[in-house]
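To start, the structure under review is shown below, and the notes come after it.
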Amino acid sequence: VPKKLLLIAAFMVVWSCEKSTPPVDPYPITEIDFAFLQASNKLFVSVGASAGYQGGSLDSVMVLWKGIGMSNTADTLRLMDNGTNGDMLSKDQLFSRKFYNGSGLKNTISSTAKDSIYFSILALYSGKKLTQESIFLLGNIRPKLGTVFVPDTVNRPASNPDPNVVNTVEFPVIASVTDPNGQDDIKRVFFRSYHVGLDSMMNGGNPILLLDDGGANGSGDLQKGDGSYTTTVSLTENAKTGTYHWTFEAQDKSNAYSDTVKKILVVQ
């Protein structure tokens, strides 16, 4: 047999054995993200989802939200890609939703929770269901201000007839603070003082610190490390009378702040 014919025959055999393989679509659910927006008490979920998969087109994307219990009955919420409900950009294939962590949700999260969070992403491609489970661990949780004690009214002391002596009245200011990450995570507790009549901040607008030091630094605190923060305010005969707004905050070591608590003090 001529060599040329043998080569042609061999080529035909090899060519006939090769099979074309259809391209494999990558899994269409990607970039799953979650955030607990503590300041607004809202939850945020986002996910990337391809427009098509295995010949089917994307119908919808939903989150099956279980909160802190893997076996909980899920809340089903539709994720958006139209720039609404917490979605940032329309038609960018990132589906998102920001939803309130409240009574409309079966699986709410406590403000002190340190648990794992469970949810699944459900995508429908021409009626075909695809799911992807996700677990997130809650990270830093901001501190929480509890009871804050400030007297409603304080009488400014009368002037001392001796010009070398200044009369002073003292009173404690106390705030209880908790932190789900531990009391050691609390960086500082403070308030700022604003005089309504003068329309100005007192103390140069600088924070006035409360301490949980057992009184070692003259704060007037009774017991160290009990979560009760104290400062002793000295009001002299030269103090400005009028109405003060005192705004309290706590800050943790991750620089997260508590909600503010406002108290009103009248000096007369």
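Just so you know, all these numbers are worked out from the coordinates, no wet-lab data involved. Every value quoted in this text rests on a predicted model; they were computed, and no experiment measured them. Using ideal geometry, Cβ is built from the backbone for each residue, glycine included, and neighbour counts are taken over all protein chains shown.
Annotations for the structure displayed:
- Net length gained if the chain between D213 and L105 were fully extended (0.36 nm per residue, minus Cα distance): 34.8 nm
- Across all C-alpha atoms in region 144-267, the radius of gyration and Dmax reach 15.5, 53 Å.
- Largest GNM mean-square fluctuation across K128, K66, K98, computed for the chain with C-alpha springs under 10 Å, falls on K128.
- Among V189, V177, V24: highest mean-square fluctuation, GNM of the chain, C-alpha pairs under 10 Å: V24
- Computed FRET value (nearest 0.05) for D226 with N85, which takes r as the C-beta separation and R₀ as 45 Å: 0.55
- For V47, the shell of other residues with beta-carbons less than 9 Å away shows a net charge of -2, using +1 for Lys and Arg and -1 for Asp and Glu.
- The count of lysine pairs in region 144-267 with alpha-carbon distances below 16 Å, taking only pairs 8 or more places apart or on different chains, stands at 5.
- Its Cα gyration tensor gives the chain an equivalent ellipsoid; the semi-axes, largest first and in whole Å, are 67, 19, 17.
- Once the C-beta distance of L138 and S57 is scaled by a Förster radius of 30 Å, the resulting FRET efficiency is 0.25 to the nearest 0.05.
- All other residues whose Cβ lies under 13 angstrom from that of L77 are scored, Lys and Arg at +1 and Asp and Glu at -1, for a net of +4.
- Among P151, P207, P163: highest mean-square fluctuation, GNM of the chain, C-alpha pairs under 10 Å: P163
- Nearest-0.05 FRET efficiency for K187 and V165, computed from C-beta distance (R0 45 Å): 0.70
- Two-decimal ratio, region 29-137, of alpha-carbon radius of gyration to 2.2 N^0.38 Å: 1.05
- Compared with the dominant Cα axis of the chain, that is its longest principal axis, helix 3-17 is turned about 50°.
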